[in-house]
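Engineer: Dumping the structure here so I can ask a few things about it.
No lab work stands behind these numbers, since they all come straight from the coordinates. These numbers were taken from a predicted model, which means no experiment stands behind them. Don't worry about glycine lacking a Cβ; one is built from the backbone with ideal geometry, like all the others, and counts go over all protein chains shown.
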Amino acid sequence: MANAIYPRYKEALLTGDSNISLTSGTIKVALVDTGTYTYSGNNQFYANLSGVTANSAALASKAVTNGYFTTGNAEFTAVSGNQSEALVIYIDTGVTTTSRLVAYLDTNVTGLPVTPNGGDITVVANTSGWFLL
């Protein structure tokens, strides 16, 4: 699978159904084992994910510039579990059935795949941004 913005997120943007923006919402990143989770454009919320190895702290320094979504790095604390080959960016509402999936990234991400060893993991955000809308 190549990097993708979830179609259901795009749909929510176009219909005004997404009540939390990327710049004002709590945005997090999930480390995902692709041996367990397979990307599907039909997935809409965090509850649809499987194979999550860890979730990051809320991303800092969020901005959208010329269509690029940028933030600080994704920080994961004391990560153990399966090797992770992908990232899923999501808007965390605190409820898995309403935390909207935004983007799936498994290509050209520095540091992936990563094998957890109980330590902290930092995924460095691309200087041009996580993705372009």
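Engineer: Under 20 Å from the 7 Å Cα→Cβ point of LEU13, by amide nitrogen: which residues of the range 80-116?
Structural biologist: Label zone hits: 87-93, 98-109.
Engineer: Calculate one ³J(HN,Hα) per residue across the range 5-15 by plugging θ = phi - 60° into the Karplus curve 6.51 cos²θ - 1.76 cosθ + 1.60, and present them in order as whole Hz with x for glycine and proline.
Structural biologist: 8, 4, x, 5, 6, 4, 4, 5, 5, 6, 9
Engineer: Roughly how many debye, to the nearest 20, is the charge dipole of the chain about its Cα centre, given +1 on each Lys and Arg Cβ, -1 on each Asp and Glu Cβ, and no other charges? It would help to have the intermediate numbers written out before the result.
Structural biologist: Numbers: 5 positive and 8 negative charges, 52 e Å.
Rounded to the nearest 20 debye, it is 240 debye.
Engineer: Near LEU105, within a Cβ-to-Cβ distance under 15 Å, what is the net charge of the other residues, with Lys and Arg +1 and Asp and Glu -1? Show your work: numbers first, answer last.
Structural biologist: Working: positive: LYS28; negative: ASP33, GLU85, ASP106.
Neighbour charge sum, excluding LEU105 itself: -2.
Engineer: Taking a point 7 angstrom from the Cα of VAL124 along the C-beta vector, which residues in the range 58-73 have backbone N less than 13 Å away?
Structural biologist: Backbone N within reach: 73.
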